[in-house]
Amino acid sequence: MEEIATATHFIDLELENGAHDYHPIPVVLERGEGVYLWDVEGKKYFDFLSAYSAVNQGHCHPRIVNALKNQAETLTLTSRAFHNNKLGAYMQYVTDYFNFERLLPSNTGAEAVEAAIKICRKWGYTVKGIAEEKAEIIVCSQNFHGRTSTIISFSSDPGSKSNFGPHAKGFITIPYNDTESLEAVLETHPNIAGFLVEPIQGEAGVYTPDDDFIKKARTLCTEFNVLLMADEIQTGIGRTGSLLAVCGSCTCEGHCEQQQNYSRPDILILGKAISGGTYPVSAVLCDSEIMDVIQPGQHGSTFGGNPMACSVAMEALEVIRDEKLTQNARRLGNLFRVEIQKYIERSTIVTKVRGRGLLNAIVINDSEESKTAWDICLKLKENGLLAKPTHGNIIRFAPPLVMTEDELKTCIHIITTTLKSFETK
Ligand SMILES: *Cc1c(COP(=O)(O)O)cnc(C)c1O
């Protein structure tokens with residue numbers, strides 16, 4: 001008799017054989033299509049996480065999967081020891097798409113942040129003229145930029161950081177959404193090379209700053225000759241209802257340098273949805289004046305810029321444009337917040353909804369240490385919708401951008417009825 005594989009079986013396999021580095025919602029998924037996921041028992045769910053915004057284009061998008069298949073049958077990896085016929089086309093496509101002169105290819109988000117830090121520091125020494133080993137980078141408290149040893153050095157989350165030292169030096173932390181602190185540090189520290197910032201802090205709980213935060217930061221960075229580095233790994237590529245979150249309220253599709261709301265970063269960091277979640281792809285974009293501080297032998301990655309990544313990412317970005325997913329995220333995001341706000345007005349369990357486009361979060365009326373947000377997510381799962389708390393009492397809602405209005409309304413119904421079931425507790 002063949003054993004019927006249950007969720008518990010798969011979960012135990014992970015627990016018994018894997019590092020215990022995650023604490024997932026207890027659901028075992030085996031198939032995805034568009035906004036839907038199915039577990040090993042055949043139950044269907046709405047995905048309200050989108051793999052942390054990597055799957056903006058929806059699960060297993062046929063065009064992206066086709067690009068992956070075709071390239072997989074042709075050429076997968078050459079390394080950068082040789083040229084390949086996809087890399088140049090990809091670089092041209094993406095630099096046109098986002099209006100930067102150069103692209104540095106890599107695989108994961110953290111790796112791209114690391115590369116941005118290196119580029120920024122080297123620019124600080126060789127262009128700005130900072131004395132050897134003195135360059136500093138300003139970061140924000142509650143940031144999330146990845147998990148490498150340098151990046152966790154400037155995390156403010158003890159879990160990410162403690163017992164992983166000694167930590168890297170050269171980072172100065174300011175509060176998020178605080179341009180006065182930014183200005184104060186810039187005025188008193190002559191060796192600042194860059195300011196690394198998320199336009200919305202996703203992992204921290206979708207902290208949405210004042211509308212003019214990035215704009216003011218842009219002005220200050222220019223004034224003090226410091227590079228503005230935007231980590232748009234989670235916020236970029238349509239998620240927040242504009243192509244990039246630094247585009248503010250601009251609705252153009254990538255040609256927004258004329259728009260007055262666009263705060264153009266000096267260095268743009270992308271990952272996650274640049275591949276539609278089918279393949280690890282990340283990138284650093286900037287103009288040649290900055291990028292050209294990197295010369296052969298000074299940075300690299302065996303898989304970076306491989307033909308699979310290039311083919312998949314071009315198709316994934318094309319899908320964003322062709323299906324007008326940015327515009328859809330904007331429209332549905334507005335609808336979502338209006339409807340959830342209506343619910344909140346008579347709710348004792350939710351205190352707040354915030355976000356932009358389809359990157360949103362609700363704040364649960366309980367302490368950071370409470371289990372309520374987790375329990376709500378378990379109930380949401382029972383009711384056919386998958387989401388996960390970010391921090392303690394905050395639940396992020398980030399469905400794939402291919403969602404329809406009717407589907408969203410169904411989801412809002414699931415969310416509000418689930419929340420209501422916690423009201424009297
Ligand atoms: C996910 C994320 C990263 C890290 O990306 P990985 O691919 O997990 O290394 C960095 N910055 C932000 C803002 C992210 O959301």
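Over the C-alpha trace of the chain, radius of gyration and Dmax come out as 21.6, 73 angstrom. Computed over protein heavy atoms with a 1.4 Å probe, the carbon and sulfur contribution to the accessible area of segment 354-425 reaches 48%.
Eigen-decomposition of the gyration tensor built on the alpha-carbon atoms of segment 1-133 gives equivalent ellipsoid semi-axes of 39, 22, 16 angstrom, largest listed first. In this rough spin-label picture, where each label sits 7 Å from Cα along the Cβ direction, the ASN334-HIS83 distance is 4.7 nm.
Once the chain from GLN295 to THR173 is taken as fully extended at 0.36 nm per residue, the excess over their C-alpha distance is 40.9 nm. Output the 0 to 90 degree angle, nearest 10, between the alpha-carbon long axis of helix 372-382 and the longest principal axis computed from the alpha carbons of the chain. It works out to around 60 degrees. Beta bridges assigned by DSSP with both partners in the chain are antiparallel in approximately 65 percent of cases.
Between SER149 and LYS134, full extension at 0.36 nm per residue minus the direct alpha carbon distance yields a gain of 3.4 nm.
At full extension, ASP210 and LYS324 could sit 38.4 nm farther apart than now, given 0.36 nm per residue minus the alpha carbon distance.
Loop-located trypsin sites (Lys or Arg not before Pro) in segment 143-219 (DSSP state not H, G, I, E or B) with no more than 13 neighbouring Cβ atoms inside 10 Å: LYS169. Per residue, segment 31-138 exposes an accessible area of 47 Å² to a 1.4 Å probe, with every protein chain left in place. Label-to-label distance, LEU15 versus GLN341, with points set 7 angstrom from Cα along the beta-carbon direction: 4.3 nm. Axis of helix 405-420 versus longest Cα principal axis of the chain: the two differ by about 70°, to the nearest ten degrees.
Loop-located chymotrypsin sites (Phe, Trp or Tyr not before Pro) in segment 51-137 (DSSP state not H, G, I, E or B) with no more than 11 neighbouring Cβ atoms inside 10 Å: PHE82. Taking 7 Å steps out from each Cα toward its Cβ at PHE224 and VAL65 produces label points 4.9 nm apart. Taken as Cα centroids, segment 152-202 and segment 84-129 sit 21 Å apart, rounded to the nearest whole angstrom. How far is helix 213-223 tilted off the main Cα axis of the chain, in degrees rounded to 10, range 0 to 90? Orientation of helix 213-223: about 10 degrees from the principal axis. The trypsin sites (Lys or Arg not before Pro) found in segment 326-362 that occupy coil by DSSP, while having at most 16 further C-beta atoms within 10 Å, are ARG346.
The values are calculated or read from the model by the stated rules, or taken from the named source; none is laboratory data. Predicted, not measured: the structure shown is a model, and the values here were computed from it. Because the Cβ atoms are built from the backbone with ideal geometry, glycine has one as well, and the counts that use them run over all protein chains shown. What goes into the accessible areas is simple: the full protein's heavy atoms, side chains included, and nothing from ligands, DNA or RNA. Shrake-Rupley method; radii C 1.70, N 1.55, O 1.52, S 1.80 Å.
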